[in-house]
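Please read the structure below before turning to the comments.
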Amino acid sequence: MFETLTQRLEQIFTNLRRRGKLTEQDVDAVMREVRLALLEADVHYSVVKDFVSRVRERAVGAEVSRALNPAQQVIKIVHEELIKTLGEPQWLNLTGPKPRALMLVGLQGSGKTTAAAKLARLLRSQGERVLLVAADPYRPAAVKQLQTLGEKVGVPVYYEEKVAPPLLCAKAYEHAQKGGYSVIIMDTAGRSQLDDALMAELKAITDKVSPADILLVVDSMIGQEALHVAQGFRQAVNLTGLIMTKMDGDSRGGAAISIRSVTGVPIKFLGTGEGIDALEVYDPSRLASRILGMGDVIGLIEKAQQAYDEKTAREQAEKMMSGRFTLEDFANQLRQVKKLGPLAQILEMLPGQLGQAAKMVDPKDAERQLKMTEAIINSMTREERLNPDILNASRRRRIARGSGTDVQDVNRLIKQFREAQKLFKTFQKTGGRGLPNLFG
Ligand code: GDP
């Protein structure tokens with residue numbers, strides 16, 4: 001999904017990462033690229049304009065945090081503003097007198113019938129008693145399709161021949177009331193184009209049933225056309241949510257980004273495949289990360305910032321460079337890493353090649369190593385931590401016993417520590433301009 005947009009943004013940010021400091025001109029240049037990428041992805045120009053100006057304003061005036069480099073900072077702002085554009089998540093209006101009526105509307109072929117069945121399955125798995133209603137008597141195939149899907153997900157389908165949709169829905173509602181159903185999902189007729197008769201019929205259904213939710217099903221592949229479709233349906237019925245389908249296809253992503261912003265109607269679900277379980281509850285933050293295409297690097301940036309104790313970090317960096325780095329500092333570093341969360345999660349969040357490489361590490365193994373290292377250091381006296389030279393054989397045996405490890409483990413740790421120390425000393429000698437950047 002969003003491949004082109006994602007690739008373009010990734011390229012922009014890769015170029016940005018190569019720079020040391022970020023100037024106002026840099027921000028402008030980056031925002032020009034972001035603007036183009038969004039327009040090419042078929043995002044509505046007014047949304048792009050607003051988005052770009054919000055990001056630029058924040059990026060230029062941003063307080064520079066020591067936890068992030070400038071590129072990360074811009075990525076973070078772009079991500080946050082993208083989430084804002086994508087809108088707050090909203091669940092269905094399921095509280096209130098039962099049964100709750102959900103009405104799906106949309107153009108023919110948008111994925112409405114499939115979405116009805118997917119939604120029925122999801123709600124059923126949450127303990128709702130669901131009834132599907134085939135309210136599209138004009139296409140016998142549509143009724144049959146819903147019946148087949150209903151069978152597949154184990155949800156009954158209400159249908160009566162030769163009954164007009166408004167009356168059919170009213171009868172279905174009554175049936176649901178008597179039968180103790182908690183939710184009915186009405187799959188209404190679609191047309192290949194918006195037409196007045198269809199709109200009048202939808203209105204007539206809402207007069208009879210008063211749906212708790214009216215969800216417009218939109219094929220995300222139709223791009224900006226989606227905005228017209230949404231406006232058209234809104235004139236007839238009070239849309240409470242959107243289901244964007246075919247997000248797994250090669251959509252350019254523009255529709256999903258613009259539609260909330262332009263129409264004000266919240267996206268509630270995403271259809272991500274033909275399978276009956278391919279329905280996602282809409283999560284703007286997740287979608288924004290996906291559009292930016294950087295694994296969950298955003299999450300990592302946020303966590304790093306939270307966990308980062310600037311003062312300790314600065315002091316430690318200085319110590320490392322001067323070679324005065326001790327096992328005590330090493331233990332402190334481990335604690336910082338642990339604050340980031342479970343290792344497996346952190347490894348997963350690394351972008352690009354680093355992420356690929358990280359996949360080869362067994363996180364459980366790494367976690368075990370980390371715990372062991374900490375246990376060993378904890379079993380040392382302060383004196384030993386500050387001056388590992390005094391760690392003779394008997395001290396090492398005592399430490400192994402105390403930490404529940406083997407002497408070999410203790411030896412290995414000390415060796416690793418010595419190597420790290422040497423590495424930092426070399427850095428200092430070569431005048432290294434700092435440690436290698438995690439994201440570079
Ligand atoms: P309706 O005419 O609006 O009821 O549309 P259908 O539910 O019959 O869907 C039209 C076509 O789109 C069918 O072939 C579905 O399998 C397919 N479809 C629906 N939703 C998705 C989706 O999220 N991803 C993909 N790839 N295909 C979908």
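Within the stretch 169-192, track down each residue that is in contact with a helix residue (DSSP H, G or I) (Cβ under 9 Å, 6 or more places away or on another chain), farther than 19 Å from residue 140 by Cβ and of a type in the set (Gly, Ala, Ser).
170, 182 - these are the residues of the stretch 169-192 that are in contact with a helix residue (DSSP H, G or I) (Cβ under 9 Å, 6 or more places away or on another chain), farther than 19 Å from residue 140 by Cβ and of a type in the set (Gly, Ala, Ser).
Counting just the residues of the stretch 181-213 that are crowded, with 16+ Cβ neighbours inside 10 Å and either acidic (Asp, Glu) or within 25 Å of the chain's Cα centre (by Cα) (or both), which one comes out farthest from residue 94 (Cα to Cα)?
201
This table checks each residue for (1) within 15 Å of residue 290 (Cα to Cα); (2) surrounded by fewer than 20 Cβ atoms within 10 Å (Cβ to Cβ); (3) aliphatic (A, V, I, L, M).
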{"site": "237", "(1), (2), (3)": "no, yes, yes"}
{"site": "240", "(1), (2), (3)": "no, yes, no"}
{"site": "243", "(1), (2), (3)": "no, no, yes"}
{"site": "256", "(1), (2), (3)": "yes, no, yes"}
{"site": "261", "(1), (2), (3)": "no, yes, no"}
{"site": "264", "(1), (2), (3)": "no, yes, no"}
{"site": "267", "(1), (2), (3)": "no, no, yes"}
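Which count do you get for residues in the stretch 269-285 that are free of Cβ contacts under 8 Å to residues at least 60 places away in the same chain and either small (Gly, Ala, Ser) or away from the ligand (no atom under 11 Å from the Cβ) (or both)?
Summing the residues that are free of Cβ contacts under 8 Å to residues at least 60 places away in the same chain and either small (Gly, Ala, Ser) or away from the ligand (no atom under 11 Å from the Cβ) (or both) in the stretch 269-285 gives 2.
What single numbered condition from (1) away from the ligand (no atom under 16 Å from the Cβ); (2) closer than 30 Å to residue 81 by Cα fails to hold for residue 208?
The single condition residue 208 does not satisfy is (2).
Which residue, of 133, 143, is within 12 Å of the ligand (Cβ to nearest atom), among the β-branched types (Val, Ile, Thr) and touching a strand residue (DSSP E or B) at 6+ places or on another chain (Cβ under 6 Å)?
Matching residue, one of 133, 143: 143.
Residue by residue through the stretch 161-192, note down the ones that are in a loop (DSSP other than H, G, I, E, B), out of contact with any strand residue (DSSP E or B) (no Cβ under 6 Å at 6 or more places or on another chain) and more than 16 Å from the ligand (Cβ to nearest atom).
Those that are in a loop (DSSP other than H, G, I, E, B), out of contact with any strand residue (DSSP E or B) (no Cβ under 6 Å at 6 or more places or on another chain) and more than 16 Å from the ligand (Cβ to nearest atom): 161, 162, 163, 164, 180, 182.
Is the stretch 208-218 home to any residue that is part of a strand (DSSP E or B) and among the charged types (D, E, K, R)?
Yes, there is a match, as at least one residue in the stretch 208-218 is part of a strand (DSSP E or B) and among the charged types (D, E, K, R).
Of all residues in the stretch 130-158, which are of a type in the set (Phe, Trp, Tyr) and at pLDDT 95 or above?
Selection gives 158 alone.
Could you give me the residue pairs with C-beta distances under 6 Å whose first residue belongs to the stretch 236-249 and is in the same structural domain as residue 217 (by TED's automatic domain parsing), whose second residue is surrounded by fewer than 20 Cβ atoms within 10 Å (Cβ to Cβ) and part of a loop (DSSP other than H, G, I, E, B) wherever it lies, and which are 6+ apart or on separate chains?
241/266; 247/272; 248/272; 248/273
Being out of contact with any Cys (no Cβ under 7 Å at 6 or more places or on another chain), of a type outside the set (Val, Ile, Thr), touching a residue at least 60 places away in the same chain (Cβ under 8 Å) and closer than 19 Å to residue 167 by Cβ narrows it down to one of 210, 192, so name that one.
After ruling out the rest, the residue left standing is 210.
Test residue 416 against the criterion of being closer than 13 Å to residue 326 by Cα and surrounded by 14 or more Cβ atoms within 10 Å (Cβ to Cβ), and give yes or no.
No; evaluated as a whole, the condition is false for this residue.
State which residue is farthest from residue 119 (Cα to Cα) when the search covers only the stretch 227-268 and only residues that are more than 9 Å from the ligand (Cβ to nearest atom) and touching a Gly at 6+ places or on another chain (Cβ under 6 Å).
The qualifying residue farthest from residue 119 (Cα to Cα) is 254.
Checking the structure you have, find out if any residue of the stretch 91-101 is hydrophobic (A, V, I, L, M, F, W, C), in contact (Cβ under 8 Å) with a residue 60 or more places away in the chain and within 16 Å of the ligand (Cβ to nearest atom).
No, the stretch 91-101 has no match at all.
The values are calculated or read from the model by the stated rules, or taken from the named source; none is laboratory data. Everything numeric in this text was worked out from a predicted model, so none of it was measured. Here the Cβ is made from the backbone with ideal geometry for all residues, glycine too, and neighbour counts use every protein chain on show.
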